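Some notes on the structure that comes next.
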Amino acid sequence: GEAMDMVVENAHKSSDFVTEKAKETEKEVVSMTEKAKDFVVEKAGEAKEFIVIKAGETKDLTTDVSKKTAKYIGDKAAEAKEAILPPKT
């Protein structure tokens with residue numbers, strides 16, 4: 001009977017060990033999944049910010065070019081007007 005008791009006890013121990021390891025593995029997997037999720041969310045956030053910043057920069061650049069173009073056309077128009085009209089005396 002003693003040998004049998006040992007076998008039964010060992011079976012319990014190994015069963016507990018397996019259960020414990022399974023729980024640990026599960027926790028690790030969950031943790032890794034969470035980290036991966038956070039990483040993806042973080043990167044997506046960064047990408048979004050980057051796109052927003054770039055879009056903003058492009059808009060500023062476009063606005064700047066438009067302003068410069070408008071000013072250039074305005075200047076040229078003024079020059080042309082001066083060339084056509086005789087100078088005021």
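The values are calculated or read from the model by the stated rules, or taken from the named source; none is laboratory data. Keep in mind that this is a model prediction, so the values were computed, not measured. Surface areas here come from the heavy atoms of the whole protein model, side chains and all, with no ligands, DNA or RNA. Shrake-Rupley method; radii C 1.70, N 1.55, O 1.52, S 1.80 Å.
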Flag for V8 being at negative phi and under 26 Å from the mean Cα position of the chain (by Cα): no
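Among the residues of the stretch 41-89, which ones are within 27 Å of the chain's Cα centre (by Cα) and among the hydrophobic types (A, V, I, L, M, F, W, C)? It would help to see each step written out before you state the result.
Just the residues of the stretch 41-89 that are within 27 Å of the chain's Cα centre (by Cα), to begin with: 41-63.
Once the filter is applied, which keeps residues that are within 27 Å of the chain's Cα centre (by Cα) and among the hydrophobic types (A, V, I, L, M, F, W, C), the stretch 41-89 yields V41, A44, A47, F50, I51, V52, I53, A55, L61.
Can we say V52 is of a type in the set (V, I, T), modelled with pLDDT under 90 and open to solvent by 90 Å² or more (accessible area, probe 1.4 Å)?
Yes.
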